[in-house]
Amino acid sequence: MMNGQAGAKIEIREVSGKKALKTFIRVPWAIYKDDPNWVPPLLMERKEALSSKHPYFLHAKWKAWVAFQDDKPVGRISAQIDDLHQQRYNNKTGFFGLIEAPDNDAVFTALFETAEHWLRQNGMRQIIGPFNLGINQEIGILTDGFDTPPCVMTSHSPRYYGASIERCGYQPAQELLAYELDIHTYTTPSTKQELIDRTAGRIKVRELNRKTMEADFEAMRDIFNDAWQDNWNFVPFTREEFTAVGKELLTVVPHDFLQIAELDGEPAAFIAMLPDINMAIADLNGRLLPFGWAKLLWRMKVRFPERCRVALMGVRKKYQNTIFGPAMAFMVVDSVLGPGLSRGGNRVELSWILEQNKPTRNMIEKFGGKITKRYHMYSKDLV
């Protein structure tokens, strides 16, 4: 226990049991109550994501804590150890995530010291985050682009978070970018048609097939894991995780927003674009029951979100430096923008893109993409 800036004692309590988890999930409501750009997450979705039944926990363990002042919850943090990360990198690196706190250095310090202590006890020598909870979920602290609401499955942060985390001894470890395309003014480079002509007859782009949905999802997972295997802190999607993502997507994502490119009949690239349901749920205050589901489905049908997000995309590694790689990338992007436009979409966010990923950034910028948000990951040595 320690004193906060206002003199009130700070007590850190470990999350244990349903009541404590509910308190943990509700902390952001206090932090963002005056932020017009915050979108309350769906409580039902948050419960499922943090349930012990979530497939992430088949290969990871975690602890979570809530900070209290005057017996009121004021902040939270989690710490995770991912076995798949350890198997791949063997670097004794643990994660922090789900950090929320007021503009109070003492609260930040108490939360981070608690997470760091648990990771040290479990043999970790470095901490990186935020991962909410893994690399294939929401990541990053927003550091630029505070004046617009977050897109679906991306994070939002108060302006002071980055500096507060750095004052706890953390350093920026990676910068992530969100780009936005205006579908109406979307342009393609002059080389696009030449590439498509040179690969004519060998590439076919098709939407997700209901009859072979399981096989299609497995193909998408395999392509993603192959395409991004050299990316920063990459950990492969497990079959169980990707199946869970797929089931979640199909509740709100039209099938023609999920496209697969086949090269000589074999799946070789894919794209998954999501309607920005944040635009449809912002006023539900996290609740789908009793009438939220009806509102959400009605809005998705009658007033489709005018913004979408390309959340997943990949081209098999062996094709990335051939004419087939960019040809398939252009073709799958084209394949979802048309359906997006026909449903009333105007803008598409492409995120997250590593700042150092120049090839992908160059391609997006050739399409006319502009950077709209920046996020940072932070790290600290624990020895």
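Where a number appears in this text, it was derived from the coordinates with a stated rule and is not lab data. If you're wondering where the values come from, they're calculated on a predicted model, not measured in any experiment. Positions of Cβ are generated from backbone atoms using ideal geometry, with glycine treated the same way; all protein chains shown enter the neighbour counts.
State the Cα centre-to-centre distance between region 205-228 and region 16-59 in whole Å.
Their Cα centres are 29 Å away from one another.
Counting DSSP beta bridges with both partners in region 2-177, what percentage is antiparallel, nearest 5?
Around 90 percent of the beta bridges assigned by DSSP in region 2-177 are antiparallel ones.
Below 8 Å, C-alpha to C-alpha, sequence gap of six or more: please give me the relative contact order for the chain in percent.
23
Please determine, in degrees from 0 to 90 and to the nearest 10, the orientation of helix 324-342 with respect to the longest principal axis defined by the Cα atoms of the chain, where the helix direction is its Cα long axis.
Between helix and principal axis, roughly 80 degrees.
Evaluate the charge dipole of region 42-123 about its Cα centre and quote only its size in Debye, nearest 20, assuming +1 on the Cβ of each Lys and Arg and -1 on the Cβ of each Asp and Glu.
420
Given region 181-374, what percent of its DSSP beta bridges are antiparallel, to the nearest 5?
Restricted to region 181-374, the bridges split so that about 85 percent are antiparallel.
Over what distance in Å are the Cα centres of region 320-383 and region 126-167 separated?
Computed from Cα coordinates, the inter-centre distance equals 19 Å.
Determine the dipole magnitude for region 181-374: charges of +1 sit on the beta-carbon of Lys and Arg, -1 on that of Asp and Glu, nothing else is charged, the reference point is the Cα centre, and the result goes in debye to the nearest 20.
500
Taking the Cα centre of the chain as the origin, how large is its charge dipole in debye, to the nearest 20, when only Lys and Arg (+1) and Asp and Glu (-1) carry charge on their Cβ atoms?
620
With point charges of +1 on the Cβ of Lys and Arg and -1 on the Cβ of Asp and Glu, referenced to the Cα centre of the chain, which listed residue (A101, G169, W29) lies farthest in the positive direction of the dipole?
Sorting the options by dipole projection puts first W29.
Could you rank the peptides 133-139, 200-206 by their average count of other C-beta atoms within 10 Å per residue, with the highest value first?
Result, highest mean first: 133-139, 200-206.
Taking H as built 1.01 Å from N, whose amide H comes closer than 5 Å to the amide H of K373, not counting residues under 5 places away?
A178
Sequence-distant or interchain residues sharing an amide H contact under 5 Å with Y378, placed H: which?
Hits under the 5 Å cutoff: G129, A173.
For the charge dipole of region 2-177, defined by +1 on Lys and Arg C-beta atoms and -1 on Asp and Glu C-beta atoms about the Cα centroid, which residue among F131, T154, I12 has the Cα displaced farthest towards the positive pole?
Towards the positive end, the residue furthest out is I12.
Calculate how steeply helix 213-227 sits against the longest principal axis of the alpha-carbon atoms of the chain, using the helix alpha-carbon long axis, and give the answer as 0 to 90 degrees to the nearest 10.
80
Just need the relative contact order of region 121-192 here, percent rounded to a whole number, with Cα pairs under 8 Å and 6+ apart.
Reported as a whole number, the value is 19 percent.
In degrees, nearest 10, range 0 to 90: what is the angle between the Cα axis of helix 239-250 and the longest Cα principal axis of the chain?
Once rounded, the angle reads 80 degrees.
For region 144-151, in order, what is each residue's ³J(HN,Hα) by Karplus, 6.51 cos²θ - 1.76 cosθ + 1.60 with θ = phi - 60°, in whole Hz (x at glycine and Pro)?
Residue by residue, region 144-151 yields 7, x, 6, 8, 9, x, x, 7 Hz.
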